[in-house]
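J.: This is the structure I have questions about; it appears just below.
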Amino acid sequence: QVQLVESGGGLVQPGGSLRLSCAASGFTADYYAITWFRQAPGKEREGVSCIGTSDGNTYYADSVVGRFTISRDNAKNTVYLQMDSLIPGDTAVYYCAKKARSSSGCRQYQMYREYNAWGQGTQVTVSS
C-alpha cells in the first residue's frame, strides 16, 4: 500500500532551521512529483514546494523562496524539505503528498486535486 510518513517537525525559534523528511513506501517516489503542503489552524492547505521526477526540477511558493529547499534521496525513497530562516508565519502542520499521475510532474502542484496520497503531517512551530 502507498504510504507517506513525515517526520522532523518541532519547535524552533525565529531564524532557526528544521529539516523535514517524507518517507515513501508502496511506490517508487522518483517516478512521481512530490509536494510539501502546510496547513495552519483555520486556513486552507497550501502547497509550498514541489520536486519533479527525473529532471529534478523544483518549485516554491513565493512565501518560502530563498528559505526552503526541497530535495530527494532516491536510494532511501525519501523527500526532504530543508527550512531555513524560519518565521512565525511558517507555523503549520506540514504534509507531503504524491501526485496522482506519474506524467504530471509539478504542473499545478499547488492544487489539492492533483494528489492521491498524503502523509499524516508533522507540526512545525516557530516561536520565541
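J.: What are the ³J(HN,Hα) values, in whole Hz, obtained from phi via the Karplus relation 6.51 cos²θ - 1.76 cosθ + 1.60 with θ = phi - 60°, for each residue of the range 34-48 in sequence order, with x given for Gly and Pro?
T.: Running phi through 6.51 cos²θ - 1.76 cosθ + 1.60 with θ = phi - 60° gives 10, 10, 8, 10, 9, 9, 8, x, x, 10, 6, 5, 10, x, 10 Hz.
J.: Could you pull out every one of the lysines with an alpha carbon less than 25 Å from that of Lys76, ignoring same-chain neighbours closer than 8 positions?
T.: Straight-line reach from Lys76, under 25 Å: Lys98, Lys99.
J.: A further question on this structure: Mind ordering 91-101, 14-24 by average Cβ neighbours within 10 Å, highest first? Numbers along the way, then the final one.
T.: Details: 91-101: 20.9, 14-24: 17.5.
For the peptides 91-101, 14-24, the packing ranking is 91-101, 14-24.
J.: Let me ask another. Sort the following peptides by mean Cβ neighbour count (other Cβ atoms within 10 Å, averaged over residues), highest first: 70-77, 29-36. Show your work: numbers first, answer last.
T.: Working: 70-77: 14.6, 29-36: 24.1.
Those peptides, ordered most packed to least, come out 29-36, 70-77.
J.: Now, a different point. Going by average Cβ neighbours within 10 Å, how do the peptides 120-128, 40-48 rank, with the highest at the top?
T.: Details: 120-128: 15.1, 40-48: 13.6.
Averaged packing, sorted descending, gives the order 120-128, 40-48.
J.: Still on this structure, I have one more. Put a dot 7 Å past each Cα toward the Cβ at Arg19 and Tyr31; how far apart are the dots in nm?
T.: 2.8
J.: Something else about it: Taking Rh as the Kirkwood radius, which is the inverse of the mean 1/r over Cα pairs, what is the Rg/Rh value for the chain?
T.: Working: Rg = 13.4 Å, Rh = 14.3 Å.
Rg/Rh for the chain comes to 0.94.
J.: Using a cut-off of under 12 Å, list every residue of the range 95-128 whose amide N is near the label point 7 Å from the Cα of Asn57 along the Cα-to-beta-carbon line.
T.: Residues passing the 12 Å test: 104-109.
J.: Let me ask you something else. Would you mind telling me the share, in percent, of accessible area of the chain contributed by carbon and sulfur at probe 1.4 angstrom? Please report the intermediate quantities before stating the final value.
T.: Details: 2970 of 6470 Å².
C and S atoms contribute 46 percent here.
J.: Excluding ligands, DNA and RNA, what is the solvent-accessible area per residue of the chain at a probe of 1.4 Å, expressed in Å²? Write down the numbers at each step before the final one.
T.: Details: 6470 Å² over 128 residues.
Accessible area per residue: 51 Å².
J.: Here's another thing I want to ask about it. Could you give me the ³J(HN,Hα) list for the range 101-114, computed from phi with Karplus coefficients 6.51, -1.76, 1.60 and θ = phi - 60°, whole Hz, x at Gly and Pro?
T.: My calculation for the range 101-114 gives 10, 5, 8, 7, x, 8, 4, 6, 5, 8, 8, 4, 5, 6 Hz in order.
The values are calculated or read from the model by the stated rules, or taken from the named source; none is laboratory data. No experiment lies behind these values; they were computed from the predicted model shown. Cβ sites come from the backbone with ideal geometry, for glycine too, and all protein chains shown count toward neighbours. In case anyone asks, the SASA skips ligands and DNA or RNA and just uses the protein heavy atoms, side chains included. Shrake-Rupley method; radii C 1.70, N 1.55, O 1.52, S 1.80 Å.
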